[in-house]
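First the structure, in the form of structure tokens, and then the observations on it.
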Amino acid sequence: MKRALITGITGQDGLYLAELLAAKGYEIFGLIRGQDNPKYDLVRATVPGITLLKSDLTDISSLVRALNRAQPHEVYNLGAISFVPYSWENPVLTTDVTAKGVMNLLEAIRMWAGNDLSRVRFYQASSSEMFGEVREVPQNESTLLWPRSPYGVAKVFGHHLTINYRESYGLHASSGILFNHESPRRGPEFVTRKVTQAVARIALGQQKLLTLGNLEARRDWGFAGDFVQAMWLMLQQDEAQDFVVATGVAHSVRDLLDVAFDEVGIDDWESHVRQDDRYLRPAEVHHLIGDARKARDTLGWQPTVTFDELIRMMVQADLKEQRVLSLV
């Protein structure tokens, strides 16, 4: 039985990946911060049989202990301070977790594995936010990185460090440069879920207005359940490499609003939406769209859920959740 260790197990990617690996017969270990983490029961209910280990990406000794306990064949580093606007509010913590956390985990793997790094394979969750002020459209594995947020800068550090450990020590270490991926499990602070949750509440008469920032920002949005399949495929390759994972189709926030409101039968959504400069980024990323031909050709991966299907799925999930909450 293969064993996998996943950081960031409480996030949407961690849960989808754990479900995927469980279906493939893996023994799964997840790292969780804190003694009273509010998502502890959620993870155990979602992935029965998972072993949760208390650890922290900022504490290398706890990572070594977790590796000794799990004895993993595969390590997936999904843990990060992942909400981009927050990275301007707390760049130090973002750097400690999202950048230095990668270094801590890679060093912990070296300390644990010793002279036999072939016993483990490593996946790093890189991000399309690394492209930032894009130099070309679409972006591929060779596109110049020009991050526009502390989060993006931290992800660039972790990305290059993963390459360095692959080249320096022969570690099977791959990075997935993931473009935006969403699901009903997405946190409500992210714009897709913020929209679908608000649209559900507006449709049910529980809310009147939705306040957003830049409606013209464009993103390449895919389904998180599709993207974790690419993560697993990367670690099954004979050679470790880096891959862009994306749908190749960009949509604006306006497109997101069109689909979400259409799902609840509202054609004219402008009366329900307000723009507020407080939600604008200090340095905006304008046109992220990924070229995932390498992932398609090498991994045999391609997305299965369209943007339209994704947003409608999320609206329906939020309608269901809001109806349940209204009964509490």
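Evaluating 6.51 cos²θ - 1.76 cosθ + 1.60 at θ = phi - 60° for every residue in the range 64-73, the Karplus couplings come out as 4, 4, 5, 5, 4, 6, 7, 6, x, 8 Hz, glycine and proline recorded as x.
The alpha carbons of the chain give a radius of gyration and a Dmax of 19.6, 63 Å, in that order.
Ignoring the sites themselves, the chain has its longest run without GluC sites (Glu not before Pro) in a DSSP loop having at most 12 other Cβ atoms within 10 Å at 1-135. Pairs from the list 208/320; 194/294; 194/320; 155/294 with a Cα-Cα gap above 25 Å: 194/294. For the chain, what's the relative contact order in percent, using C-alpha pairs closer than 8 Å and at least 6 residues apart? Result for the chain is 17 percent. Given the C-alpha centroids of the range 227-247 and the range 68-113, what is the distance between them in whole angstrom? So the separation of the two Cα centres works out to 19 Å. For residue 139, the residues 5 or more places off, or on other chains, whose built amide H falls under 5 Å of its own are 289, 290, 291. Listed values for the range 170-181 are Karplus-derived 3J(HN,Hα) couplings in whole Hz (6.51 cos²θ - 1.76 cosθ + 1.60, θ = phi - 60°), namely x, 5, 6, 10, 10, 10, x, 7, 8, 7, 3, 9, and x replaces Gly and Pro.
Taking a straight Cα-Cα cut-off under 16 Å and skipping sequence neighbours fewer than 8 places away in the same chain, the lysines within cross-link reach of residue 54 are 39. Inter-part distance, the range 171-185 to the range 187-222, computed on C-alpha centroids, equals 23 Å. What the phi angles of the range 258-274 give under the Karplus curve with 6.51, -1.76 and 1.60, with θ = phi - 60°, is a coupling list of 4, 5, 4, 5, 4, 4, 9, x, 9, 7, 9, 8, 4, 6, 9, 10, 10 Hz, glycine and proline written as x.
Only the coordinates and a few stated rules stand behind these numbers; no lab work does. All values reported here derive from a predicted model rather than from experimental measurement. So basically every Cβ, Gly included, is an ideal-geometry build from the backbone, and we count neighbours across all protein chains shown.
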